[in-house]
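Notes follow once the structure below has been shown.
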Amino acid sequence: VTTRASPELLNFIERQIKEVERELECPVCFEIASEAPIFRCEEEHLICSQCREKVVSCPVCRVRYPRGSHKRLRGAERQAERLAEMYKERESLLLSL
């Protein structure tokens with residue numbers, strides 16, 4: 001059974017996507033951190049893998065990153081996976097309009 005997507009459902013998905021995109025926005029390059037690895041500072045602020053290599057302190061709280069291995073933000077990595085699924089769902093809804 002094929003059903004048509006309602007504009008309300010599409011609007012809901014769009015709002016959810018925007019919310020997750022805001023959470024995954026890198027404070028340095030302002031791009032969406034959409035794939036692992038996604039890194040963090042000691043205060044749990046996100047930074048994308050490309051920008052993490054370029055800075056020595058968190059752009060949000062200014063705490064210096066520790067030397068050695070970078071700490072990953074696993075929750076953000078899961079959110080990025082969820083965002084990819086939401087993009088697919090939105091595409092599917094748009095095709096059913």
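The values are calculated or read from the model by the stated rules, or taken from the named source; none is laboratory data. Given the structure is predicted, the values throughout are model-derived calculations rather than measurements. Counting neighbours? That spans all protein chains shown, and the Cβs are built from the backbone with ideal geometry, glycine included. Accessible surface areas use protein heavy atoms only, side chains included; no ligands, DNA or RNA. Shrake-Rupley method; radii C 1.70, N 1.55, O 1.52, S 1.80 Å.
Any idea what the relative contact order of the chain is, in percent, if you count C-alpha pairs under 8 Å spaced at least 6 apart? Intermediate results must be reported in sequence, preceding the final value.
On the way: 112 pairs, mean separation 33.9, N = 97.
For the chain, the relative contact order is 35 percent.
For the pair Ser92 and Val28, the difference between a 0.36 nm per residue extended length and the Cα-Cα distance amounts to 19.8 nm.
Check each of the chymotrypsin sites (Phe, Trp or Tyr not before Pro) in the stretch 24-92 and keep only those in coil by DSSP with at most 14 other C-beta atoms within 10 angstrom; list them in order. In loop regions of the stretch 24-92 (DSSP not H, G, I, E or B), the sparsely surrounded chymotrypsin sites (Phe, Trp or Tyr not before Pro) are Phe30. Note that the chain presents 69 Å² accessible area per residue, ligands and nucleic acids not counted, probe 1.4 Å. Expressed in Å, the radius of gyration and Dmax of the Cα atoms of the stretch 1-63 are 16.2, 55. Helix content alone sets the calculated 222 nm mean residue ellipticity of the chain: runs of n ≥ 4 DSSP H residues at -39500 (n - 2.57) each, divided across all residues, give -14500 deg cm²/dmol.
On the protein heavy atoms, probe 1.4 angstrom, tell me the percent of accessible surface of the chain carried by carbon and sulfur.
Working: 3290 of 6730 Å².
Whole-percent figure for carbon plus sulfur exposure: 49.
In summary, the lysines within cross-link reach of Lys18, defined as a Cα separation below 20 angstrom excluding same-chain residues under 8 places away, comprise Lys88. By the equivalent-ellipsoid construction on the alpha carbon gyration tensor, the stretch 47-92 comes out with semi-axes of 29, 10, 9 Å, ordered largest to smallest.
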